[in-house]
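**Q** Below is one structure. I have some questions about it.
The values are calculated or read from the model by the stated rules, or taken from the named source; none is laboratory data. None of these values were measured; they are calculated from a predicted model. Cβ atoms come from the backbone with ideal geometry, glycine included; neighbour counts cover every protein chain shown. Note: accessible area is taken over every heavy atom of the protein model, side chains too, but ligands, DNA and RNA are not part of it. Shrake-Rupley method; radii C 1.70, N 1.55, O 1.52, S 1.80 Å.
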Amino acid sequence: MRLSRFVTLPIIAVAALALVAAAARTSGAHSLPVAGARSGAERREVARIQAHFDSVLAELQTSDAPRGAISARRAALVATLRAYRDRGVFPHNYDFPGRAVPYFIDRKTGTLCAVAHLLDATGRRDIVERVARIDNNVWVAQLATDSAFT
């Protein structure tokens with residue numbers, strides 16, 4: 001499915017900013033394990049990130065939405081983002097404890113950030129791989145001049 005940049009970029013940008021702000025603060029040396037094996041601290045961190053996604057999803061639902069085919073595509077992306085949130089598996093900050101630093105792809109687990117996940121879901125894994133290869137810690141605002149991304 002090819003999406004209009006007017007649908008994809010705003011949702012991806014909001015998701016990216018949300019995830020970067022929330023998940024990048026995670027510290028420690030291990031990615032978050034599956035739900036049953038998580039420690040109390042890991043469960044709290046996932047819950048904190050998911051709560052942040054709740055606010056992002058609420059904002060996306062209340063913002064002005066386009067009509068027609070674009071609206072359907074937007075709804076599909078919001079559903080994809082909601083499923084990502086519900087799954088509760090996010091990239092981990094291995095290198096910058098206590099600092100908000102984005103990770104496009106978790107280098108140990110391959111887990112994608114929200115932006116990378118949305119791009120991958122729309123068939124643009126090529127962009128995901130290229131961005132991660134060039135700068136895995138890039139901020140979405142820095143991608144504004146990337147014509148393939150926008």
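**Q** Which numbered condition in (1) at pLDDT 90 or above; (2) not in a helix (DSSP H, G or I) is the only one that residue 25 fails?
**A** Of the numbered conditions (1) at pLDDT 90 or above; (2) not in a helix (DSSP H, G or I), the odd one out for residue 25 is (1).
**Q** Quick check on the range 86-104. Is at least one of its residues touching a residue at least 40 places away in the same chain (Cβ under 8 Å), in a helix (DSSP H, G or I) and either in contact with a Gly (Cβ under 9 Å, 6 or more places away or on another chain) or open to solvent by less than 50 Å² (accessible area, probe 1.4 Å) (or both)?
**A** The answer is no; no qualifying residue exists.
**Q** Please enumerate the residues belonging to the range 56-86 that are over 12 Å from the mean Cα position of the chain (by Cα) and closer than 21 Å to residue 42 by Cβ.
**A** 86
**Q** In the range 106-123, how many are closer than 23 Å to residue 78 by Cβ and touching a helix residue (DSSP H, G or I) at 6+ places or on another chain (Cβ under 9 Å)?
**A** Selection size over the range 106-123: 12.
**Q** Still on this structure: Taking the range 104-140, which residues are on the phi > 0 side of the Ramachandran plot and over 14 Å from the mean Cα position of the chain (by Cα)?
**A** Answer for the range 104-140, where residues must be on the phi > 0 side of the Ramachandran plot and over 14 Å from the mean Cα position of the chain (by Cα): just 123.
**Q** For the range 115-148, give me each residue that is open to solvent by less than 80 Å² (accessible area, probe 1.4 Å), closer than 14 Å to residue 102 by Cβ and in a loop (DSSP other than H, G, I, E, B).
**A** 136, 137, 138 - these are the residues of the range 115-148 that are open to solvent by less than 80 Å² (accessible area, probe 1.4 Å), closer than 14 Å to residue 102 by Cβ and in a loop (DSSP other than H, G, I, E, B).
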